[in-house]
Amino acid sequence: MKLPLRRVAALALAASLVSALPACTTRLPAAADNTAATSTTAPAHLVQVELVTLNDFHGNLEPSKYVWDSVNGGGARTIEAGGIDTIGGALQAWRRDDPQLLLVGAGDLVGASPAISSMWADEPTIAAMNMLGLRASSVGNHEFDAGRVELLRQQGGGCKSPRADKACKYEPNFGGAKFSYLAANVIDTATRKPVLPAYKIETAHGVKIAFIGTVLQGTAESALASGIAGLEFIDEADAINRQLPELRRQGVGVFVALVHQGGTTVEKFDQPDCSKLTGPVTEIVKRLDPAVRLVVSGHSHKGYTCQVDGRTVTQSDMGGHVLGRIALTVDTTTNTLKDIRARQEVMVPGKWPKDPQLAAYLETARARSAALLAQPVARLAVASVVRTRNDSGESALGDLVADSVLQAGRPFGVQIGFMNNGGMRQDLDTDNDRASVGQTRMVLPFGNTLVVMNLKGWQILDLLEEQWSGGREETRGLLQVSDGFTYRWDARRGDGSKVVPGSARLNGKPIERETTYRVMVNNFLAEGGDGFPTFANGRNRSNTGIRDIDAFNDYLVKREQSGKPAGAAQPQQRYQRLQ
């Protein structure tokens, strides 16, 4: 679909975009007379700039499942969407209409990625973003998965990495991102300056546009504490607002916030001017300087084009399934943004001719990865083990992974294994009940190492209560636990007392408050991640160096060898919700 010409009359632009771009809108004021409405000559001072946005790509080089439920009706249907070759083809088509189109992102481009990317330290994804012509992106919390050092390597290139087993294995020389990662609210505590640039100024059609990037203030809870030592994550709105005086001195009058924080709405992903957006991003938006009229958000993996406090707020699902298309109309006389039109475009393979360069790159990545990823691991008892949690908060996949943690810890005297839901990124779907390396890596893409520690019984009870602190169970869920550990919880009881007294048991025996228990968790949890400070206080700690994915694969193999393949279709009811 071709977009309108660069320069158009104010009301003519509005009329054409109502049909071409039915979406979130900040309306132009009505013309003082009929001249603008009838003129076919565009005022020279009105310029249109095209943006394309993506968020939460998570290394999805290939297309993947997307549930398409449009405001245009037809009902929800599941399709394959995305893929760098399709995205590249769409951008090629759109750039034919506007060669100065700007592609920007709102974080989590990498991290929690499919094996085709994660097995190479996400270097193929960075390269793909370069080829797509990405100009800038806010950092997301997953950009910190391997810590500050790795994030800076992803930006600047090189092979010195905390993931030495993966870095520079795809290509011998990794050149880093040609786009700019932005982090206005990530402050180095020594210098008191952003660890990465706070903003990037781009010029299109003679208009300067400042993109200001932030990540959610709560990133520290979702990152390795050791990896972000010396970093402070400050308030997002404050960090954005403080950039504006400097940007104005540089002649910028158009400001776009790239905010890796999101919300949800009951409205369709492509509902024009949606009005029911809720969640953390809305509170950020309401506190922004009035000059910031467009916010591109992320993190919640939802699609919306909404109005919040008179501003346009967008997000485009995740995984490259959807791209946002935004048309800005700028008055160059006053250097102000006059109009915003946004809509969503589903990346349907075949809708545009594939980008030949990106199609070739994808085939190369597939070929480089295929031999390893296709290797069989073990046969399972069921074809699919899923992350879906029951009313108590337990999942069949969580049971399986926690049991693999327990087995890996047996030589260290481990009695209980814990697993966080956020560490499991995909269901374990197999081919004819036999799991491959690629399929298990999709479940556990982070390569976390396993840590053993001692916890007193009272600490374990405190740990269980931490699951509900601050309402976090709504987003992160409850910890998944290994075989033999059981308890009951009551939703009617207040925070700090939800676990039914005396119900926490290990192999049928009550947890004794002063007894010492040996537990194992991944290094993310061990450092207090996901808001579990009790793990950080464990005694006699030791990082075994065993990766969670290796422990998982080993467990599956041993279960098959024993004649009792692992996996179940339903959770094992290790903990139960009473109400």
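The values are calculated or read from the model by the stated rules, or taken from the named source; none is laboratory data. Remember, predicted model here, so these are calculated numbers, not experimental data. So basically every Cβ, Gly included, is an ideal-geometry build from the backbone, and we count neighbours across all protein chains shown. Quick note on the areas: whole protein, heavy atoms, side chains included, nothing else; ligands and nucleic acids left out. Shrake-Rupley method; radii C 1.70, N 1.55, O 1.52, S 1.80 Å.
Stokes-Einstein, applied to the Kirkwood radius of the stretch 424-579 over Cα pairs at a viscosity of 1.002 mPa s and 20 °C, places its translational diffusion at 125 µm² s⁻¹.
Over all directions, how big on average is the projection of the convex hull of the alpha-carbon atoms in the chain, in square nanometres? If I average the Cα hull's projected area over directions, I get 27.5 nm². Each stretch of four or more DSSP H residues adds -39500 (n - 2.57); spread over every residue of the chain, this sum gives -7000 deg cm²/dmol at 222 nm.
Bridges between two residues of the stretch 227-340, per DSSP, are antiparallel at a rate of about 55%. Once a ≥ b ≥ c are taken as the square roots of the eigenvalues of the Cα gyration tensor of the stretch 225-283, is the result rounded (a/c under 1.5), prolate (a/b larger than b/c) or oblate (a/b not larger than b/c)? Since a/c reaches 1.5 but b/c is at least a/b, the shape of the stretch 225-283 is classed as oblate. Looking at the stretch 450-540, the pairs of alpha carbons with a distance over 16 Å make up 53% of the total. The Asn543 and Asn335 beta-carbon pair, evaluated with R₀ = 35 Å, returns a calculated FRET efficiency of approximately 0.05. In order along the stretch 86-97, the Karplus-derived 3J(HN,Hα) couplings, from 6.51 cos²θ - 1.76 cosθ + 1.60 at θ = phi - 60°, round to 6, 4, x, x, 5, 5, 4, 5, 5, 6, 5, 7 Hz, and Gly and Pro are given as x. Placing a label point 7 Å from the Cα of Asn454 along the Cα-to-Cβ direction, no residue of the stretch 460-490 has a backbone N closer than 14 Å.
Relative to a virtual label point 7 Å from the Cα of Gln375 in the Cα→beta-carbon direction, which members of the stretch 155-170 show backbone nitrogen distances below 17 Å? Counting only backbone N, you get 165-167, 169-170. A Förster radius of 25 Å, combined with the Cβ-Cβ distance separating Met131 from Ser70, puts the computed FRET efficiency at roughly 0.30. Descending by average beta-carbon neighbour count within 10 Å, the peptides 281-290, 234-243 line up as 234-243, 281-290, the highest first. Our note on the geometry: Cα centres of the stretch 146-218 and the stretch 484-541, 37 Å apart.
Using a Förster distance of 35 angstrom, determine the FRET efficiency expected from the C-beta separation of Arg96 and Thr278, and round it to 0.05.
Working: r = 39 Å, r/R0 = 1.10.
The computed FRET efficiency comes out at 0.35.
Among beta bridges identified by DSSP and lying wholly in the chain, the antiparallel ones come to about 70 percent.
Express the carbon and sulfur contribution to the solvent-accessible surface of the chain as a percent, rounded to the nearest whole number, probe 1.4 angstrom. Let's see the in-between values first.
Numbers: 11250 of 22600 Å².
C and S atoms contribute 50 percent here.
Considering the stretch 525-579 at the alpha-carbon level, its Rg and Dmax are found to be 16.0, 40 Å.
Checking the a/c ratio against 1.5 first, then a/b against b/c, what shape does the Cα gyration tensor give for the stretch 118-223? Verdict is oblate for the stretch 118-223.
How high is the relative contact order of the chain, given as a whole-number percent (alpha carbon pairs under 8 Å, six or more residues apart)?
Numbers: 1406 pairs, mean separation 88.8, N = 579.
So the answer I get is 15 percent.
Among beta bridges identified by DSSP and lying wholly in the stretch 48-160, the antiparallel ones come to about 40 percent. Near Phe485, the amide H atoms lying under 5 Å from its own belong to Asn507; only residues 5 or more places off or on other chains count, and H is placed 1.01 Å from N. In the context of the full set of protein chains, residues of the chain present 39 Å² of accessible surface per residue (probe radius 1.4 Å, heavy atoms only).
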